[in-house]
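Scroll down for the structure; my scribbles are underneath it.
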């Protein structure tokens, strides 16, 4: 089961409202700095961070021990102006893991919750749209941005239907985290004009690396719609 770690910046809105009316540049700068800090904390432990709403973050943290999660939690707590809460759950379906994490955040008074569970490989799909650069010059930057956001919403809804989650990486790049037993059905549900690199590893950072490697190969050779790479040293029969 993939391990999903949800991070909440508790009562974030109340902090922002204390900054006065000329606050948006401070908020945006703070969010960028915090995202950089969190991404480094997870990636140096072979995890990966996905931004959600910037007051919530989604960490992929297979193979990261409870102790390391506690260390990450402590480091985050000293890097933010608000209280931090963290819930880490291993579950077959990433979508269910975040649902359970949301429940614990809503009902528990604890700031740190780590639930033990068997961890399976993380399946990451790196998705992008064909010919987006050409389309940008034929239409406009803003129009292709809105098209990308619309496409991301569609991908996120499809991923959720198959028990997965999706995040936006910038440009026309989308990440999806799917269960081992349904990622191929997810691919079949996507339109033909997308390219999909797939990485599978117990270590989320390695899975992302392999997915990007596969996507780069598709872009270079333009012969296949999707390619899979496995971290065979970590996949157990």
Worksheet entry | Residue-span extension gain [residue 153 to residue 106] - 0.36 nm each, minus C-alpha spacing | 14.4 nm
Worksheet item: Could you state the principal axis extents of the C-alpha atoms in the stretch 122-234, from the largest down, to the nearest angstrom?
Response: 45, 31, 22
Discussion item. Between 47, 59, 20, where does the largest GNM mean-square fluctuation fall for the chain, given springs only between Cα atoms within less than 10 Å?
Written reply: 20
Practice prompt. Please report 182, 36 as a ranked list, fewest other C-beta atoms within 10 angstrom at the top and most at the bottom.
Written response: 36, 182
Response to the item:
Quick shape check on the stretch 3-115: root eigenvalues a ≥ b ≥ c of the Cα gyration tensor, a/c under 1.5 is rounded, otherwise prolate if a/b tops b/c, else oblate, and it reads prolate
Worksheet item: Cα centroids of the stretch 83-140 and the stretch 174-188: how far apart, whole angstrom?
Response: 13
Worksheet item: Summing -39500 (n - 2.57) over the DSSP H runs of n ≥ 4 in the chain and dividing by its residue number, what mean residue ellipticity at 222 nm do you reach, to the nearest 500 deg cm²/dmol?
Response: -14000 deg cm²/dmol
Response to the item:
Note: probe point = Cα of residue 130 + 7 Å toward Cβ; backbone nitrogen < 17 Å; residues of the stretch 184-216 passing the test are 187-197, 215-216
Worksheet item: Pick from 208, 149, 86: which is most flexible by mean-square fluctuation in a GNM of the chain where alpha carbon atoms under 10 Å apart are linked?
Response: 149
Worksheet entry | Virtual spin-label span in nm between residue 31 and residue 96, 7 Å along Cα→Cβ | 3.2
Item to complete: Can you tell me how much longer the chain between residue 22 and residue 233 gets when fully stretched, taken as 0.36 nm per residue apart minus their C-alpha distance, in nm with one decimal?
Response: 70.8 nm
Worksheet item: If you average the sequence gap of Cα pairs under 8 Å that are 6 or more apart and divide by the length of the stretch 151-220, what percent do you get for the contact order?
Response: 21
Fill in: Relative contact order computed over the chain (Cα-Cα under 8 Å; 6+ residues apart), in percent
21
Worksheet entry | Using a Förster distance of 45 Å, the FRET efficiency for residue 13-residue 65 (Cβ separation, nearest 0.05) | 0.85
Worksheet entry | Among 131, 62, 45, residue whose mean-square fluctuation peaks in a GNM of the chain (springs only between Cα atoms under 10 Å) | 131
Fill in: the stretch 45-171: relative contact order in percent, alpha carbon pairs under 8 Å with at least 6 residues between
22
Discussion item. With only alpha-carbon atoms in the gyration tensor, what are the semi-axes of the equivalent ellipsoid for the stretch 60-108, in Å, largest first?
Written reply: 20, 15, 8
Worksheet item: How large is the convex hull of the Cα atoms of the chain per residue, expressed in Å³ as a whole number?
Response: 133
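Readers should treat all values here as calculations from the given coordinates under stated rules, not as data from a laboratory. Model, not experiment: these values are computed from the prediction. Positions of Cβ are backbone-derived with ideal geometry, glycine not excepted, and every protein chain shown enters the neighbour counts.
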